[in-house]
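Any read-out appearing in this document is the output of simple, stated calculations on the displayed coordinates, not a laboratory observation. Nothing here was measured: the structure is a model prediction, and the numbers come from that model. When we count neighbours, we look across all protein chains shown, and the Cβ atoms used for this are built from the backbone with ideal geometry, even at glycine.
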Amino acid sequence: MTSPLEQKKIKIAGPSVVTANRTWDGIVVYRTAAKSWSADLSEAAIVRNSDEAKALLAESVADDVGAIGPYIAPVQVGSDGGIEPGNLREQIRRTGVTIGQSAQA
Amino acid sequence: MYAYDEIDRTLVNERVSEFRDQVKRRLSGELTEDEFKMLRLQNGVYLQLHAYMFRVAIPYGTLATNQLRALAHVARKYDRGYGHFTTRQNIQFNWIKLAELPDALEDLAKVGIHAMQTSGNNMRNVTSDQWAGVAPGEIEDPRIWSELIRQHTTLHPEFSFLPRKFKIAITASDHDRAAIKIHDIGLRLIQNEKGETGFEVLVGGGLGRTPFIAKTIKHFVHGRDILSYIEAILRVYNQYGRRDNIYKARIKILVHELGIEKFSREVEDEWQHIRNSSLQIDDEVIEDIRSRFTYPPYEKLPHMPDELRQAAADPDFEAWRKNSVAPHKVQGYSIVTISLKPTGGPPGDATAEQMDALADLADKYSFGEIRVGHEQNLALPHVAKRDLPALWRALDKLGLATPNVNLISDIIACPGLDYCSLANARSIPIAQELTRRFANHELANLIGRLHINISGCINACGHHHVGHIGILGVEKNGEEIYQITIGGRADENAALGTLIGPGVKFDEVADVIEDIVEAYLALRERPEELFMDTVKRLGVEPFKERVYATR
């Protein structure tokens, strides 16, 4: 649940991705290895150290028209390579609100 | 209702055209996000967790039925079919696309609605009592003065780049429903001994990271001088308010650090320079605004019509009437509060279908007028008593007749971590669980008046500091933890709650609230002793002991 505003010093403790919101419609997107954005977390580029994270974030920030507010978010990578959000905030961004009503529509 | 003039309509329409051009330039890459951010915020557009969020102003909480239908239309066409009424007489849409926002704004502009003053470091939407103009015993309709301030401050360059956001609330009743003591400026409409209308002015209230209850800076400012006095306050704030630290930038910090005496001297000095200027309000200006507020052609109706007498035999109707219907200044009429707090529902949410249907009911039973309160409920301000049974049946079908106004399940909650990019913890699921635990109306009535307020972070949009029971969600080691306070209140006796002890986990919150309520029921001396009375009499210790004895 780290706020992106607090990510002045990039220090990651495990596998991470860069996530943002797509500019034209605001939906959650992830930076891919193909220097693009995807709404599918499984297509996100994984970074594993601070230098990789810095580079991916810099590249993402430069794509200002594609997405806004990019930041580094932790993920968990399963033994099968599956990627899951690393905290509740990111889980909610990926799967939607937890309030179980019409908001899910 | 207030009828906008040509100046208002031109202003709103021009704003739409400007924003359409700004969005176009943003999407083409001509504007960077850094350049665009302030422009979108000035039009109520935030970026939240899942998407852009669009906040629309409902000045002083008054809506016409065509305006409510326009909000329903935006919810349906551009969003996901519902909207969220906030604690400051705004409505938020959570899933709106930037590319479609100019169209949504244009649709709203057609009925005189806009998103100015809903974001940014400027003068925000001026709020008021949702019962303004109909509550018995009012000095005067406070919306007249709200509208005056709205006109003066909208897009005013001196108020558009303040150190931080700035909020004003106005009440004209002895009982404060506008929470004026937790605003940057709170205005209480009063009359002096000569019978002249003016204001008690309070300053420096606010919640968030550093909560303060507003202090009275002047006991009486004549109505004709209110703009110059507000401007004097804002000039002192603009001059001395901190811009180097966002956490210390609100006027409450300045008032606290200078002290109310020194702050008031600074304001007084500034005021002497400007009070006899063009800011002094001519009577004709007020009369013009007053004339633009139209009131219904009330009929002469009996205090107790036959329809009401007959319906009293229905216990469900009576439960709703006793809970949700309040006295009106005109005999034969009532003010009806519409609870947006159904069991298991997110506080303050209304679907497009509910908004449309409510607009129809307001046309039929409330002279086409709806009000929005800071407690995240709606109201129909002019309902003939004879129509109450029919209205109740219609509301019940819409899921809008939950008889829990001012009771324990009438919870104020911010969007929390389910929507908000600033939140650390969820608010809405906590509220939903509490409404289920206290869904039994007999139990809720046995408990009596009890306000629970929930915020998902220290910014306190759920006003947790002033909840009779306040719940603040924080994050600790990656886990949602909730701090509980008791004894806060947001009315004319506003007070900040006291923390009862260490925070508890998400799954424990509802159990803890049940413990607090059980302790209250056991400790109160008689059924009429409200929760707040018991807390005042005994302090927090007995509640703390009850909560933590077994934890």
Revision key, fill the gap. Checked against the positive end of the charge dipole of chain B (+1 on Cβ of Lys and Arg, -1 on Cβ of Asp and Glu, about the Cα centre), the farthest of B:N66, B:G208, B:N424 is B:N424
Exercise for review: Could you tell me whether the stretch B:142-291 comes out rounded, prolate or oblate from its Cα gyration tensor? Rule is a ≥ b ≥ c as square roots of the eigenvalues, rounded for a/c under 1.5, then prolate if a/b exceeds b/c, otherwise oblate.
Suggested key: prolate
Study note, to complete from the structure: Taking max minus min of the Cα coordinates of chain B on each principal axis, largest first, gives extents in Å of 59, 59, 59
Revision key, fill the gap. According to the Cβ-distance criterion of 4.7 Å, cysteines of chain B with no possible disulfide partner are B:C420, B:C457
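For the stretch B:6-109, what value does the Rg/Rh ratio take when both radii are computed over Cα atoms and Rh is the Kirkwood radius, given to two decimals?
Values: Rg = 13.5 Å, Rh = 14.2 Å.
My calculation puts Rg/Rh at 0.95.
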Exercise for review: Rank-order B:318-327, B:196-205 by packing density, defined as the average count of other C-beta atoms within 10 Å over each peptide's residues, highest first.
Suggested key: B:196-205, B:318-327
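If you average the sequence gap of Cα pairs under 8 Å that are 6 or more apart and divide by the length of chain B, what percent do you get for the contact order?
Normalised by residue count, the contact order of chain B is 13 percent.
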Check your understanding: Under the classification rounded if a/c is under 1.5, otherwise prolate if a/b is larger than b/c and oblate if not, where does the protein assembly as shown fall, given a ≥ b ≥ c as square roots of the Cα gyration tensor eigenvalues?
Key -> rounded
Practice item. Output ³J(HN,Hα) for the stretch B:451-458: one whole-Hz value per residue in order, computed from phi by the Karplus curve 6.51 cos²θ - 1.76 cosθ + 1.60 with θ = phi - 60°, and x for Gly and Pro. Key: 9, 9, 10, 10, 10, x, 6, 5
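Please compute the contact order of the stretch B:91-234 in relative form: average sequence separation of alpha-carbon pairs under 8 Å and at least six residues apart, divided by the residue count, as a percent.
Details: 251 pairs, mean separation 24.4, N = 144.
Relative contact order here is 17 percent.
For the protein assembly as shown, what is the charge dipole size about the Cα centre, in debye to the nearest 20, if Lys and Arg each add +1 at the Cβ and Asp and Glu each add -1 at the Cβ? Intermediate results must be reported in sequence, preceding the final value.
Working: 78 positive and 89 negative charges, 194 e Å.
Computed charge dipole of the protein assembly as shown: roughly 940 debye.
Per-residue Cβ counts within 10 Å, from other chains only, averaged over A:23-30: what number is that?
Working: counts 9, 8, 8, 16, 5, 3, 0, 0.
The mean count of partner-chain Cβ atoms within 10 Å per residue comes to 6.
State the antiparallel share, in %, of DSSP beta bridges confined to the stretch B:142-291, rounding to the nearest 5.
Values: 13 of 17 bridges.
Antiparallel bridges make up about 75 percent of those DSSP assigns within the stretch B:142-291.
Given +1 on the Cβ of Lys and Arg, -1 on the Cβ of Asp and Glu, and no further charges, what dipole in debye does the stretch B:174-221 carry about its Cα centre, rounded to the nearest 20?
Details: 7 positive and 6 negative charges, 43 e Å.
About 200 debye.
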Check your understanding: Any idea which of B:F166, A:A34, B:H256 is furthest toward the positive side of the dipole for the protein assembly as shown, if Lys and Arg beta-carbons carry +1 and Asp and Glu beta-carbons -1?
Key -> A:A34
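Does the stretch A:10-96 come out rounded, prolate or oblate, given a ≥ b ≥ c as the square roots of the eigenvalues of its C-alpha gyration tensor, rounded meaning a/c under 1.5 and, failing that, prolate meaning a/b above b/c? Write down the numbers at each step before the final one.
On the way: a/c = 1.64, a/b = 1.17, b/c = 1.41.
It comes out oblate by the Cα gyration axes.
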Exercise for review: Rank B:A510, B:H465, B:N477 by how far each Cα sits towards the positive end of the charge dipole of the stretch B:455-515 (+1 on Lys, Arg Cβ; -1 on Asp, Glu Cβ) and give me just the farthest.
Suggested key: B:H465
Study note, to complete from the structure: For A:K54, the lysines lying under 20 Å Cα to Cα, once residues fewer than eight places off in the same chain are dropped, come out as A:K8, A:K9, A:K11, A:K35
Check your understanding: How many angstrom separate the Cα center of the stretch A:27-105 from the Cα center of the stretch B:503-551?
Key -> 42 Å
**Study point:** Nearest-20 debye value, chain B charge dipole, Cβ charges on Lys, Arg, Asp, Glu
**Key:** 780 debye
Exercise for review: Just tell me which lysines come within less than 27 Å, Cα to Cα, of B:K215; anything on the same chain fewer than 8 places away is out.
Suggested key: B:K165, B:K167, B:K181, B:K194, B:K248, B:K252, B:K262, B:K536
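Would you mind counting up the charge near A:A34? Only other residues with Cβ under 13 Å from its Cβ, with Lys and Arg at +1 and Asp and Glu at -1.
On the way: positive: A:R31, A:K35; negative: A:D40, A:E43, A:E59, A:D63.
Neighbour charge sum, excluding A:A34 itself: -2.
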Revision key, fill the gap. With x for Gly and Pro, the residue-by-residue ³J(HN,Hα) of the stretch B:35-52, computed from phi through the Karplus equation 6.51 cos²θ - 1.76 cosθ + 1.60 at θ = phi - 60° and given in whole Hz, is 6, 7, 3, 5, 5, 5, 5, 5, 10, x, 9, 9, 10, 10, 4, 9, 5, 6
Check your understanding: Rounded to the nearest 5, what is the percent of antiparallel bridges among the DSSP beta bridges in chain B?
Key -> 80 percent
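Give me a single rounded figure for B:344-356: the average over its residues of other chain Cβ atoms within 10 Å of their Cβ. If you can, show how the numbers build up before the last one.
Details: counts 3, 3, 6, 0, 0, 4, 0, 3, 1, 1, 0, 0, 0.
Mean partner-chain Cβ count within 10 Å for B:344-356: 2.
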Review point. Over the stretch B:1-142, what is the percentage of antiparallel beta bridges among all DSSP beta bridges, to the nearest 5?
Key: 100 percent
Study note, to complete from the structure: Averaged over residues of A:91-100, the number of beta carbons from other chains lying within 10 Å of each residue's Cβ is 6
